[in-house]
Structures are given as structure tokens and as C-alpha cells.
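Have a look at the structure below before the remarks.
Computed from the coordinates by the stated procedures, all read-outs in this text should not be read as laboratory data. The shown structure was predicted, so the numbers you read here are calculated from the model rather than taken from an experiment. In this analysis, Cβ positions are derived from the backbone assuming ideal geometry, glycine residues included, and neighbour counts consider all displayed protein chains.
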Amino acid sequence: MRKPSLGGNPKVWSNEEVTQYDMMQSIVIPKKDEMLDIITSMIPFDENKALKVMEIGVGLGALTERIFNRFPESDFLGIDGSAQMIANAQERLKKFSGKIKILERNFNKPLWLNGVNDKFDLVCSSLTLHYLSTRRRREFFKEIFKVLKKKGTFIYSCAVKANSQSIQKIFVKIHRKYLRDQILKVMGKKFTDEDLDRVFKKRRDKMGINPATTVDHLDLLKKAGFSKVEFIWKHRHYAIFMGVK
């Protein structure tokens, strides 16, 4: 078992995990489309502006595609830790190939931004920053602040944990029922709690998911230097945050 405090391990995102990515997210993540739509709608720029955008954790390009559809003149730098994920994203995003570059980088390494010299209007991320290691959190948020232009915006969604153990237990109980219902709907299989532990807990432990609280996220944004910070959406243990430089 990987210690959660170590954060994510990009090596686990190999062929099988990448192939199953969309199906697994349709099972595991409630209101994923709503989450992506809110991130996109909260971008505070004119739609004709040629934005400089950096996305952390491109995945298969779902957020990238939405942003390009709203801001077609954007110049895009994507970051992802998995070579296989990048290859699949590039296939999905090939219609934007002249406007996007994706780098294989691990943001839990201090030099992950080496060679990135641009300043960005927008840094965004969807369902990725819960893979930050505990020791990297503070420096990472400062690094994002530094790469943003003046009045640049940082918007991201991630898994969070409750501020109290008792409420966290309620979240877990509700989410386990949600998982059982979704598995039956998507896969046609009936799962018990033991099945969930066997499949999902093992998967979660392997990936190094390391959620912080909503209070922690707002504190990290403030301490990094953001002049405006906001907690703009939440559904159980998934949330969206925003900071303006």
C-alpha cells in the first residue's frame, strides 16, 4: 500500500487504467459533467481572447476540449504524468493539434516546471490535485501563483475530505451506496461492501489519493499570494476552488 501522504504515482496510469478511465470515472465521480461545465463557465475572460492556458492533469482531454470550444483562440500547455494518458489525449484532441502541447511531468517533483518559461492567463485542473503529496502542497501553490500573469486565474476541482471525521464517515457511507448503484447501472453487476473494498480500496491505495479539506485548500491559495480566493462548488467530497492573482 502506498502512503497517501506521498501523493500520486504516475506509473500506475498504464494501459489498463487508461483504457478503463472514462468508464471508471462514470462510476466513481458523481456530477462529473456538471463539475467540468462549472470550471469552464467560471473562466473570467472574453471568449475571443487568445488565452495562454496551462492545464495540470490533462487526462483524456475532457476539460481541455470544453475550454477550446469556449475559447477557440487559446494557446494550450497540458501537463500529465502518464505517457499513455498523453497519447490517448492527443488522439482525442488532434483537431486542436496546432494549438496544444502536452508535456509528461510529475508535479510531485520540485523541478516539474523546468523549461516552462511562459506566463499564463489561466491555470486549470480537473480531478488531479488530490494526488499532490502533503510535503509538496505549499510549494506547488506558490509555483502556480508565479506562472500566472497579473490578474491570472487558477481554477481546479479535486477530491476533498470533510473537516470532521464524523462527517467524513457520512460521506463515505453515501458514496459507497452511490458506487453500488452506479456499478449496477454501468456494468450490470451487484457489488457488496466487501466487493467495493476488494476493487476500489485497493485501487485507491495504489494511486496515492491524498485529499485535503476545503479549509486547507483556501488556506493554501491565500498563503500562495492569491488576492481573491473562492470555494465555488461542492458535491459531497468533490469541490471546485478558484484563485485570482
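Taking 8 Å as the Cα distance limit and 6 or more residues as the minimum spacing, I'd like the relative contact order of the chain as a percentage.
Numbers: 408 pairs, mean separation 61.7, N = 245.
So the answer I get is 25 percent.
Compute the length gained on full extension between residue 116 and residue 139: take 0.36 nm times their separation in residues and subtract their Cα-Cα distance, giving the result in nm to one decimal. Mind showing how you got there, number by number?
Details: separation 23, 0.36 × 23 = 8.28 nm, distance 1.65 nm.
Between residue 116 and residue 139, full extension yields 6.6 nm more.
Just want the ordering: 179, 218, from fewest to most Cβ atoms lying within 10 Å of their own Cβ. Before the final figure, lay out the partial values.
Working: 179 19, 218 16.
Going from least to most buried by this count: 218, 179.
Pull up all non-local amide H partners of residue 233: gap of 5 or more, or a different chain, and H-to-H distance under 5 Å with H placed in the peptide plane.
Those qualifying (amide H under 5 Å, at least 5 residues apart or on another chain) are 240.
Which ordering of 121, 22 is given by a fewest-first count of other beta-carbon atoms within 10 Å?
Numbers: 121 22, 22 14.
So the ranking, lowest neighbour count to highest, is 22, 121.
How much of the DSSP bridge set in the chain is antiparallel, in percent, rounded to the nearest 5?
Given both bridge residues lie in the chain, the antiparallel proportion sits at roughly 40 percent.
Within the stretch 130-167, list the residues whose amide N lies under 17 Å from a label point set 7 Å along Cα→Cβ of residue 174.
158-167
Counting each DSSP H run of 4 or more residues in the chain as -39500 (n - 2.57), what helix-only mean residue ellipticity at 222 nm follows after dividing by all residues, to the nearest 500 deg cm²/dmol? Walk me through the numbers before you get to the answer.
Details: 10 runs with 97 residues, N = 245.
That calculation yields -11500 deg cm²/dmol at 222 nm.
Under 5 Å between amide hydrogens, which residues at least 5 positions from residue 74 or on another chain qualify, with H placed 1.01 Å from N in the peptide plane?
Amide H to amide H, under 5 Å and 5 or more residues apart or across chains, residue 74 pairs with 51.
Taking the Cα centre of the chain as origin, work out the dipole magnitude from +1 charges on Lys and Arg Cβ and -1 charges on Asp and Glu Cβ, in debye rounded to 20.
Working: 47 positive and 28 negative charges, 157 e Å.
Charge dipole, the chain, about its Cα centre: 760 debye, nearest 20.
Skipping prolines and chain starts, which residues have an amide H placed within reach, meaning under 5 Å, of the one on residue 54, given they are 5 or more residues away or on another chain?
Under 5 Å from the amide H of residue 54: 77, 122, 123, 124.
What percent do you get for the relative contact order of the stretch 142-245 when only Cα pairs under 8 Å and 6+ apart count?
Numbers: 115 pairs, mean separation 45.5, N = 104.
For the stretch 142-245, the relative contact order is 44 percent.
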